[in-house]
Structure formats: C-alpha cells, structure tokens
Amino acid sequence: MIDKGPVLLDITDGIARLRLNRPDAANGMSAELLSALCDAIMVCHGHPDLRVVLLSGEGTNFCAGGDVRAFASKGEKLPDYIRQATAYLQNAVTGLLRLEAPVIASVQGFAAGGGGFGLVCASDIVIAAESAKFLAGATRVAMAPDAGVSVTLSRLVGLRRAMSILLTNPVIPAAEALQMGIVTKVVPDEELADASLALARELAAGAPKALAATKRLVWAGTGTSIEQCLSEEARTVAELSGMADAREGLAAVIERRKPVFTGR
C-alpha cells in the first residue's frame with residue numbers, strides 16, 4: 001500500500017488499485033490531491049508487473065470535480081493556483097493515456113468537472129453504478145473544459161452531443177451515459193466493486209503486450225493527439241479563472257444559489 005494522503009495506491013497481482021481519498025470533500029481535486037495523483041500514476045508507470053489500473057474514489061462519490069472551496073479561497077490569486085492544478089491534471093491525464101496497462105474507472109455517485117468527468121473520459125473502460133451521475137460543469141462556473149474533455153468527449157459521443165453537454169451542463173444518469181457511449185457498462189450499486197475487480201482480474205490475466213498495443217492503437221487512431229490540445233485548454237482555463245464571473249460561479253456553488261454572470 002502506498003499512502004499519498006489524498007490518494008491511495010495498492011499494487012497486487014498486477015492490479016493497481018488507485019483511489020482518490022478525500023471522501024469528506026467528494027474527492028474534490030485540490031492541487032495537493034492532483035500532485036499526489038500524478039505521483040501515484042508515475043509509480044504505476046515504473047512498476048514492472050503492472051497489468052491493469054482500477055481507478056476509483058473513496059466514499060459516496062467518484063469525484064465531484066475541482067475543489068470549489070479551495071478555488072474560491074484564492075481570490076485574485078486563483079489564476080496562479082489554477083495553472084498549478086491544471087498542470088497536475090494534465091500530467092495525470094497524459095499519464096493515464098500513456099500507460100501501457102488498461103485503465104478501468106469504477107464510478108459511483110458523481111463524476112463531475114475536469115477531475116471526475118475528465119478522468120472518466122480518459123479511461124479505457126468505465127463501469128458505473130446504476131445511481132452514478134455525470135456532469136461536465138465547467139461553463140456553469142464560467143470556465144472551460146479541461147483534462148482533455150474538449151477532445152475526448154466528442155470522440156465518445158459525437159460533436160453535436162458533446163457541444164450540448166459542455167454548453168448546457170445536464171446531469172447525465174448512468175443509463176443515459178451508457179446509451180451515449182460515455183460508460184462501458186452499468187451495474188447495480190451493490191455490485192460495482194465486485195464487477196470492477198472481476199474485470200480488472202480478467203484483464204490482468206490477458207496478454208499485456210497485446211493489450212498495451214491495442215490501447216495505443218485505438219487512442220492514436222482517433223486523430224489529433226489529445227495531448228496537443230491540453231496546452232490550449234490550460235491557457236483558456238487559467239485566463240477564465242481570473243475573471244469576476246469565475247469567482248461568482250464558485251461562490252454561487254458554495255452558497256447554493258444561481259450565479260449572476262456579467263461577462264467580466
């Protein structure tokens with residue numbers, strides 16, 4: 001067991017169980033969590049016997065996205081904090097995409113924002129509990145998608161549907177996410193852990209080089225590298241985070257009210 005505080009990692013029998021570990025904050029992604037996540041993914045890269053990564057979140061939610069309270073507390077220094085957090089998030093997504101081992105996301109509760117929804121879209125296989133929900137959410141707080149979502153989502157669901165999801169921010173139930181192609185399989189809530197582990201064991205028993213080559217070919221075959229789009233995402237998100245609308249959006253979430261955006 002590797003305990004990184006906000007991230008837990010255990011590698012046994014070729015299966016890396018990588019868990020977000022801020023359950024009291026719905027596994028909201030602070031810079032500290034993202035830094036620990038990057039470290040854990042790098043450990044996976046260096047492990048000689050790794051066969052599959054099982055990515056999950058402790059508690060009732062997979063990941064509710066960025067830690068809005070941490071963001072709001074930064075005030076006018078938010079752009080600097082966002083640049084740091086986004087750099088870690090980009091490294092985490094790139095690390096998952098470049099892993100030779102397949103990545104399974106096991107999703108309960110909410111998977112929202114770049115942190116939750118983004119990691120789902122960057123995973124190779126996604127198993128969701130029946131009660132799971134998915135939300136893009138970035139434009140709701142006057143920001144733009146990150147974690148590669150502006151590219152990965154359209155490849156999963158098509159351009160028109162992706163544009164609608166990213167602009168209008170619907171909460172997508174697991175059954176609808178399955179129909180759209182966002183998730184691979186939906187199981188009863190009480191079966192999520194067992195179903196996810198069973199699939200991880202199945203993949204771990206497979207031919208690792210064949211699985212790695214297949215993963216590489218499928219992602220590469222989708223067209224423009226997702227990684228090429230990350231720098232523009234990061235620049236855009238950091239720029240938007242310095243605007244009054246972003247601070248208003250974060251405050252509105254915390255205060256549970258509708259935001260009033262001014263375009264500034």
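Things worth noting here:
- Of residues in the range 34-61 being farther than 19 Å from L99 by Cβ and in contact with a strand residue (DSSP E or B) (Cβ under 7 Å, 6 or more places away or on another chain), the one least open to solvent (accessible area, probe 1.4 Å): N61
The rows are residues; the columns are (1) free of Cβ contacts under 8 Å to residues at least 40 places away in the same chain; (2) out of contact with any Asp or Glu (no Cβ under 9 Å at 6 or more places or on another chain).
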{"residue": "G57", "(1), (2)": "no, yes"}
{"residue": "K74", "(1), (2)": "yes, no"}
{"residue": "P79", "(1), (2)": "no, no"}
{"residue": "A85", "(1), (2)": "no, no"}
{"residue": "R98", "(1), (2)": "no, no"}
{"residue": "S106", "(1), (2)": "no, yes"}
{"residue": "A129", "(1), (2)": "no, no"}
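- When the test is whether a residue is under 17 Å from N61 (Cα atoms), open to solvent by less than 80 Å² (accessible area, probe 1.4 Å) and either in contact with a strand residue (DSSP E or B) (Cβ under 9 Å, 6 or more places away or on another chain) or not aromatic (F, W, Y) (or both), A144 does not pass it.
- Test for G249: is it more than 30 Å from E130 (Cα to Cα), of a type in the set (G, A, S) and touching a residue at least 12 places away in the same chain (Cβ under 8 Å): no
- Listed by position, the helices (runs of 4 or more DSSP H) inside the range 64-133 whose residues that are open to solvent by less than 20 Å² (accessible area, probe 1.4 Å) number at least 2 are 78-98, 113-122.
- Residue match in the range 205-217 (condition: closer than 26 Å to Q90 by Cβ and within 19 Å of the chain's Cα centre (by Cα)): yes
- Within the range 186-214, the set of residues being closer than 13 Å to L50 by Cα and open to solvent by 70 Å² or more (accessible area, probe 1.4 Å) comprises R201, A205, K209.
- Filter result for A142 (more than 15 Å from the chain's Cα centre (by Cα), among the hydrophobic types (A, V, I, L, M, F, W, C) and at pLDDT below 95): yes
- Only one of S73, S56, S30 that is within 16 Å of the chain's Cα centre (by Cα), hydroxyl-bearing (S, T, Y) and over 13 Å from L89 (Cα atoms): S56
- Some residue of the range 29-38 being within 22 Å of K215 (Cβ to Cβ) and either without any contact (Cβ under 8 Å) to a residue 12 or more places away in the chain or not in a loop (DSSP other than H, G, I, E, B) (or both): yes
The values are calculated or read from the model by the stated rules, or taken from the named source; none is laboratory data. From a predicted model like this one, the values you see are computed outputs, not experimental measurements. Because the Cβ atoms are built from the backbone with ideal geometry, glycine has one as well, and the counts that use them run over all protein chains shown. Note: accessible area is taken over every heavy atom of the protein model, side chains too, but ligands, DNA and RNA are not part of it. Shrake-Rupley method; radii C 1.70, N 1.55, O 1.52, S 1.80 Å.
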